[in-house]
Amino acid sequence: SGEEQVNTDLITLTRHVLNDQFNLGAAASGDLTLLLTAIQLTSKFIATNVRKARLINLVGLAGDTNVQGEEQKKLDVLSNDIMVNALRASGKTAVLVSEELEDAVIIEDQYKGKYCVVFDPLDGSSNIDAGVNIGTIFGVYQVQEGSKGTVADVLRPGNQMVAAGYTMYGSSANLVLSTGHGVNGYTLDAALGEFILTHPNIRIPPRGKIYSFNEGNSMYFNAPVVRYLESIKYPASGKPYSARYIGSMVADVHRTLLYGGIFGYPEDKKSKKGKLRLLYEAFPMAFLTEQAGGVATTGTGRILDIVPTSIHERCPVFLGSKDDVQDLQKFYQEAN
Ligand code: AHM
Ligand code: MG
């Protein structure tokens, strides 16, 4: 009829999460919803700053001055401050771990809540100046019974997380979230300032056609990875896989969740534990991958079962379609 169809019954992230808790009969205090509201706010705020940076070229080194001669913060430092401030103010957190901060933040008693949030406020920073997609990654634990909130509450395997997700800042802001009952994707409606459910129940295809590795590191790769990559580039039958590598974990994992295939950042001869951080990169992405029906491994073991010993430790990561990741695991089994 030429008239614009208006959806008058939008499902916002908050509505969706509340509804989930209701349907699951969860002992819903609503606390997790409030925490997620704070996280949504930080994503909107960071998205705005990323956009601004792209527009007026705010981008620069920390301590640089902008055209007005004002001191400006690098986007990742700014994003960190946004998250720490909002999460503290939410009153729902006890411990925060950020890639940007050497030590864990223990929240003061007056603001203390029962959740611990581990996060990389702005991942993929090498991509910022080129306008390529970047993102925020986060994972949520509940403080352990009887604990007042210490580092011990986050030095726990990823399988104990109660929620995990990321927000990707691209042509739109996409927040992908799991509270342990599948994975859902929400897109920021800039006019409403709300994340709207646009990708309900994301499931990774059991097999994909894409591999996503930094093959520039090939000369350092170990035999299982070299042999696996050979096998998909020179298959005995069928077509070889396509290569896609953005170098922003959030963007590479986002594509993997939607299209399938395998994303990998292996350990190698130079970096014995790989590059990616266990707590706030590997765990949340492994959590989402498994919740979407995929597999996430170090090559030799389930990522979510690793017990962290320090907050910034690294771990090898392979994740994606079940069949693809299992193929890779076979090369590790043969090597042992
Ligand atoms: P960062 O936390 O310094 O931004 O590094 C993490 C990023 C990930 O987003 C990405 O998967 C990886 O580093 C890319 O590394 P490389 O440039 O070595 O391929
Ligand atoms: Mg990072």
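Every number in this text was worked out from the coordinates using simple rules, so none of it is lab data. Remember, it's a predicted structure, so these values are computed and weren't measured experimentally. Here Cβ is always computed from backbone atoms with ideal geometry, including for glycine, and neighbour counts include all displayed protein chains.
Some points to look at:
- Computed packing ranks the peptides 103-114, 244-255, 138-149, 291-302 as 244-255, 291-302, 138-149, 103-114, most packed first, by mean other Cβ atoms within 10 Å.
- The listed peptides 227-234, 329-336, ordered by packing as a protection proxy, come out as 227-234, 329-336 (highest mean of other Cβ atoms within 10 Å first).
- In range of the label at Asp327: residues from the range 298-321 whose backbone nitrogen is under 12 Å from the point 7 Å along Cα→Cβ: 321
- Extension gain (nm, one decimal) between Glu313 and Asn201, 0.36 nm per residue minus Cα-Cα: 37.2 nm
- Entry note, the chain: relative contact order of 15 percent, from Cα contacts under 8 Å with a spacing of 6+ residues.
- Order by protection proxy (mean Cβ within 10 Å, highest first), peptides 48-54, 9-15, 174-180: 174-180, 48-54, 9-15
- Relative contact order %, the range 210-336, counting alpha carbon pairs below 8 Å whose residues are six or more apart: 29 percent
- Full extension of the chain segment joining Asn85 with Ser242 gains 52.3 nm, where the gain is 0.36 nm per residue of separation less the Cα-Cα distance.
- Percent of beta bridges antiparallel (DSSP, the chain, rounded to nearest 5): 80 percent
- Relative contact order (%) - criterion: Cα under 8 Å, at least six apart; region: the range 117-188: 24 percent
- Stretching the chain fully between Lys52 and Met219 yields a gain of 56.2 nm (0.36 nm per residue, less the alpha carbon separation).
- Computed over the chain, the alpha-carbon pair-distance distribution with 10 angstrom bins reads 6, 25, 33, 24, 10, 2, 0, each value a whole percent.
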